[in-house]
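The values are calculated or read from the model by the stated rules, or taken from the named source; none is laboratory data. The model shown is predicted, which means the values in this text are computed figures rather than measured ones. When we count neighbours, we look across all protein chains shown, and the Cβ atoms used for this are built from the backbone with ideal geometry, even at glycine.
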Amino acid sequence: MLAKLPKTITIAGKDDVVESYMLLTNSHDGTFAISFRLTTVRVVCQNTLALAMRGDKSSHVFRRAHKIGPAKLAAEAKEFYQFFTKAAAELGESFQKMHDVQFGPDQLESLAAKLLPLPRPPADGSGPVGVRKQYETRLQKITEARKDIATVFEKGCTNGFKILPAEKTLWGALNAITAFVDHKQEIHGDRYAHILFGSGASLKEKAYQLAVAQLAKKQSGLRRLFLGRA
């Protein structure tokens, strides 16, 4: 279930709008716990990014007990909602900072290598044929995925609707990866489940964390430069 949060995120003006949602998932059969994620949808290309809520406060996971009083329930729900809206605002600030970082094809290649590391070859080149075949298949799949991400970054893609080439920023690089997962990556099974809950969602969250690390590295370099000049 998606619940739209009232405030949208705008990147570099009014043209690039990102809507934020609270995503509730529940297995109903006890196979996994109820969970909430902060999910964003970039309107221009319908790219999604779902991030698991982290933290050590119990309010980050909202649970309703049968015996809880209405006043306590209302207070806990309000605290939980405030946490989500604050997280959405902080995510918007992160997106804007990424937009301000120039990012070219060579940097995207380095980012993709961290996102999709190549598998290690079998220790013994003359080992079982099946093991070697699995390695070669995995190697080819990752190599093609890296190329597809680079293509989306440079040229965009068309799958139902047109995705334009990404701007040459860290924000553009992140969106090239999310566009690849959401619109271009070949999958087996339901695409919606893949992009919001499955391996696609995990890949996009990893891409976001790598982008945050890249942003921190950039800001650290600027601070050292400033301190050196001072």
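Of the residues in segment 107-129, not one is surrounded by fewer than 17 Cβ atoms within 10 Å (Cβ to Cβ), over 18 Å from Glu205 (Cα atoms) and touching an Asp or Glu at 6+ places or on another chain (Cβ under 7 Å). Scanning segment 150-162 for any residue that is surrounded by fewer than 12 Cβ atoms within 10 Å (Cβ to Cβ), at negative phi and among the aromatic types (Phe, Trp, Tyr) turns up at least one such residue. Taking first residues from segment 29-51 that are more than 15 Å from Thr178 (Cβ to Cβ) and partners that are at pLDDT below 90 and of a type in the set (Val, Ile, Thr), the Cβ contacts under 6 Å between residues at least 6 apart in sequence or on separate chains come to Ser35/Thr25. Among the residues making up segment 86-110, those that are in contact (Cβ under 8 Å) with a residue 24 or more places away in the chain and either charged (D, E, K, R) or not in a helix (DSSP H, G or I) (or both) are Lys97, Asp100, Val101, Gln102, Phe103, Gly104, Glu109. Taking Ala173, is it small (Gly, Ala, Ser) and in contact with a Leu (Cβ under 7 Å, 6 or more places away or on another chain)? Judged against the criteria, Ala173 is a match.
Condition check ((1) in the same structural domain as Glu90 (by TED's automatic domain parsing); (2) closer than 23 Å to Gln46 by Cβ; (3) in contact with a strand residue (DSSP E or B) (Cβ under 9 Å, 6 or more places away or on another chain)) across all residues:
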| site | (1), (2), (3) |
| --- | --- |
| Lys114 | no, no, no |
| Pro121 | no, no, no |
| Gly130 | no, no, no |
| Gln140 | no, no, no |
| Lys155 | no, yes, no |
| Ala166 | no, yes, no |
| Leu170 | no, yes, yes |
| Ser202 | no, yes, no |
| Leu210 | no, yes, no |
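The number of residues in segment 15-38 that are in a strand (DSSP E or B) and under 15 Å from Ala3 (Cα atoms) comes to 12. Pairs are defined by a Cβ separation below 7 Å, a sequence spacing of at least 6 or placement on different chains, a first member in segment 192-205 that is more than 9 Å from Ala50 (Cα to Cα), and a second member that is buried (at least 22 other Cβ atoms within 10 Å of the Cβ); the pairs so defined are His194/Gly200; Gly200/Val181; Leu203/Val181. Does segment 13-46 hold any residues that are closer than 19 Å to Gln96 by Cα, touching a Ser or Thr at 6+ places or on another chain (Cβ under 9 Å) and not hydroxyl-bearing (Ser, Thr, Tyr), and which are they? Passing the criteria: Asp16, Val17, Val18, Glu19, Leu38, Val41, Arg42, Val43, Cys45.
Restricting Glu19, Glu93, Glu76 to residues that are surrounded by 13 or more Cβ atoms within 10 Å (Cβ to Cβ) and either at pLDDT 90 or above or under 17 Å from the mean Cα position of the chain (by Cα) (or both) narrows the list to Glu19.
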